[in-house]
1. Tell me, what is the 1.4 Å probe accessible area of residue 294, in Å² to the nearest 10?
2. What do the square roots of 5 times the Cα gyration tensor eigenvalues come to for region 218-300, in whole Å, largest first, as semi-axes of the equivalent ellipsoid?
3. If you roll a 1.4 angstrom probe over the protein chains with everything in place, what fraction of the accessible area of region 275-363 belongs to carbon and sulfur, to the nearest %?
4. Please work out the ratio of the alpha-carbon Rg of region 319-438 to 2.2 N^0.38 Å and round it to two decimals.
5. For a quick check of understanding: with a 1.4 angstrom probe and all protein chains in place, what accessible area in square angstrom does residue 380 have, to the nearest ten?
6. Based only on Cα atoms, what Rg/Rh ratio does region 381-432 have, Rh being taken as Kirkwood's radius?
7. Could you list, bin by bin from short to long, the percent of Cα-Cα pairs of region 1-84 in 5 Å steps?
8. State log₁₀ I(q)/I(0) for region 288-332 at q = 0.24, 0.31 Å⁻¹ as given by the Debye formula over alpha-carbon point scatterers of equal weight, solvent excluded.
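The values are calculated or read from the model by the stated rules, or taken from the named source; none is laboratory data. Keep in mind that this is a model prediction, so the values were computed, not measured. Positions of Cβ are generated from backbone atoms using ideal geometry, with glycine treated the same way; all protein chains shown enter the neighbour counts. Protein only, heavy atoms only, side chains kept; ligands, DNA and RNA dropped before computing areas. Shrake-Rupley method; radii C 1.70, N 1.55, O 1.52, S 1.80 Å.
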Amino acid sequence: MADDYLYISFDGACNTPGVLERELTPFLEALESGAGEWMPDIVRGIRRRKYTREAVVKGLAEAREERSTSVGLYRTKGADLDMSLRLRLPPLRPSLDLSLMVGPLELFAQESSCKGLVEMARTWAIHYPVTHATAHSLADKDLANFPLFGRDRETAYQDGFDKIYEVCWLNVFGTKLVESVGREHMRSTPAHRVEELPDGSVLLVTWPTAADFASEAARVAQARAWVHLRPDLDFDTVMATLRERSATLAPVQPRFAPDIAALLSRLPEYASLAQRQRRIAELNAYVPPEPDEWLPLDAALHSDVADPKAALDQYAYFAERLVALLHTPVPSVFKGSPESLTDIDLHFWKETFPDTFERHNIDAIAVPAVGAYLGEVLVKHLGGQWLPRKQWMEAQVRVGDRVWLPFARAHRYMRSTQSLLDHSLTQLYRVAERHRSR
């Protein structure tokens, strides 16, 4: 997953799309000439097809409903692309509505690639007049609550883009917005590019490249354009807001606790793009408690079962129940590997498992299954040996000069979603592995 994406929002008027191919030709020509390395190669409507103009038209025709039709466009390799093309049909106002995410944002670090994108947007806006269109960092968009720009949703949907609430990297301001600001005033905006289009709308690009939107120079350019178009705003206040957003998005080097780095490194992707770096910083500071579900070998509880083989068969049965429970969402559970423990940790954490399911089922089914599976991994990969007990919660696995209590660990692990991190299976295994090597 990319750390950030360029997000393009475009909603332009079009003719009643009776002949889809003719109506879409300017749009697709501009896409093909401007997209470059992020050009879609798949069209997905009711069916999936290799990209061609004909495939787009067929997909829209097949998916046509009473008032709209839509297709998705994607890439199978290289750049990440998620593009949705939707046509609204009468009795609605006929329009071409595009939502596009492409990443990583570094694709737009060079002015040449950004020029291609700007020309593409310019062509679209000429053929499909807009009220407002933008291209900007998705992470910054999320942080700033674009496209609502601080308004509550009810007001936003009622009023639409009734005034300029903020300035993105690329903007097309429709004629209504231009007139509300004043045409000459908008044309004099300090920006990298300001161009009046044939229908009277204005294309405005604040900075040559999109990828460095959060740099000090790019933020100054953004703020100058913003306060020019909104004279009621104060430059220093706007700059303080933009600098705060840049600081929130500044890359943070992961420095996770070594025993659980494999687990923690996978958590930031579940935070929003806007909060991902802050999440990394939080996880850098997180240190789980040291596992205490162990005894020195000379304090181990001796096996008290009459039939050790039957006890081991029971533990194997418990472990198989975990495999049965998780084999679809966590395919690695079949392997019984150290890596599968991390996959299990992540799955339970994502699903907030201990806080979602009934406690009596967790204690009766999940805890023995997790504990037995952990014990089996200790046996399989660290040369461990079960020391079975009549009370399965007391069962131990000998590894080197320690015995570990996997069922006790599983019981603590399943107390809450936070406990899944504080008492992860990943950590206990890595600590046991380290002590064995000593």
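1. 80 Å²
2. The equivalent ellipsoid of region 218-300 has semi-axes of 46, 10, 9 Å.
3. Working: 2900 of 4990 Å².
After summing per-atom areas, the C and S share lands at 58 percent.
4. Rounded to two decimals, the normalised Rg is 0.98.
5. Rounded to the nearest 10, the figure is 130 Å².
6. Values: Rg = 11.5 Å, Rh = 11.6 Å.
Answer for region 381-432: 0.99.
7. Bins of 5 Å from zero give 3, 13, 23, 27, 19, 10, 4, 1, 0 percent of pairs.
8. Calculated log10 I(q)/I(0) at the listed q: -0.88, -0.98.
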